[in-house]
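Notes follow the structure.
Nothing in this text is a laboratory measurement; each read-out follows from the coordinates by a stated rule. Small disclaimer: the values here were computed from a predicted structure and weren't measured. For neighbour counting, all protein chains shown are included, and Cβ atoms are generated from backbone atoms with ideal geometry for every residue, glycine included.
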Amino acid sequence: MKRRNFIQKTAASTALLSMTGIGLSCSRTSATKITILHTNDVHSHVEEFGPNAGTNSNKGGVAKRAALVESVRKENPNTLLLDAGDIFQGTPYFNFYGGELEFKLMSLLKYDVATIGNHDFDNGINGLYAQLPHAKFDFISANYDFSNTVMDTHVKPYKTFVKEGVKIGVFGLGIELNGLVNKEAYKETKYLDPVEIAQDMSRILKTEEQCDLIICLSHLGYDYETSTSKISDLRLAKATQDIDLIIGGHTHTFLDEPTIETNAVGKKVIVNQVGCYGLYLGKIDFYFEANQLKESDGSKLAV
């Protein structure tokens, strides 16, 4: 997957991309605005890149991300902060602290929920479990069956939130671990078909939980151009229904703007991913009138 360039950072560190075709336009002054902030594949990058890091020079870092998150929350309290996995592995911070620092910092930023990536098993499932007390947020994964492992009962399939009367459901999906992660690392974790699970989860969130907005937090990968069978975020969007937004990870895909896909019943699905290493913070705004989704915008925050 070739890395794509982001739009140049503006003075406000954002580039607003109008996403027409999601729904009918509405008066934003009268609408309820829900903001989704998201990261993926941060890979233990706590500090910003140094001045000699080429195109990444002076970018990233948890401190600057925290300032951006705080700014967005002040502008709109109806904000969720999500992570799509691969929190661990990539700098000496992980080698030394084993994930403790990453989870503590994410807790300070008040992440709402995260899913699990393949590199989050790099210290084994016992290593992941040992760091859970440092995470003051929930982990969700609907297609990893942890019932015969130490992670049993510690990972939920989904979580719901209510922001100003709008109910939001978020479920997690993980990539096939067999062949990607040493079996000894993930033990008896069972991988379940992500398309089947996504259909089931979106049905539950839509009909039983009566969610107004359904989000899939995915570590499947954006797209696999050379594979016709490997499940990706784009394939998942096309094969399912009732999902409004897929936040992706794994492939470190730098998108210039969110992708708009058409689902199995002809409705639009937003698919987004913001590369890796905490260089960017994804931001999607949804506008609701009478709890009906009318419009949405995608933007990037350069960290």
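A few remarks follow.
- Averaging Cα coordinates gives a centre for the stretch 28-80 and one for the stretch 145-215; these two points are 24 Å apart.
- Computed from point charges on the beta carbon alone (+1 for Lys and Arg, -1 for Asp and Glu), the dipole magnitude for the chain about its Cα centre is near 680 Debye.
- Taking the average, over residues, of other Cβ atoms within 10 Å as the packing measure, peptides 264-270, 188-194 rank 188-194, 264-270 from highest down.
- Estimated from helical segments only, the mean residue ellipticity of the chain at 222 nm is -5000 deg cm²/dmol, where each DSSP H run of four or more residues counts as -39500 (n - 2.57).
- Peptides 59-67, 78-86, 242-250, 40-48 ranked from most to least packed, by the mean per-residue count of other Cβ atoms within 10 Å: 242-250, 78-86, 40-48, 59-67.
- Judged by the mean number of other Cβ atoms found within 10 Å, the most tightly packed of the peptides 115-123, 148-156, 197-205, 288-296 leads the ranking 115-123, 197-205, 288-296, 148-156.
- Distance between the modelled labels on residue 184 and residue 132, one decimal in nanometres: 2.3 nm (7 Å Cα→Cβ projection).
- Pairs over the 32 Å Cα-Cα cut-off, from the set 187/268; 110/190; 183/267; 74/187; 163/268; 159/300: 187/268; 183/267; 74/187.
- Relative contact order, percent, the chain [alpha-carbon distance under 8 Å, six or more residues apart]: 26
- The Cα-based radius of gyration of the chain, divided by its Kirkwood radius, gives an Rg/Rh of 0.94.
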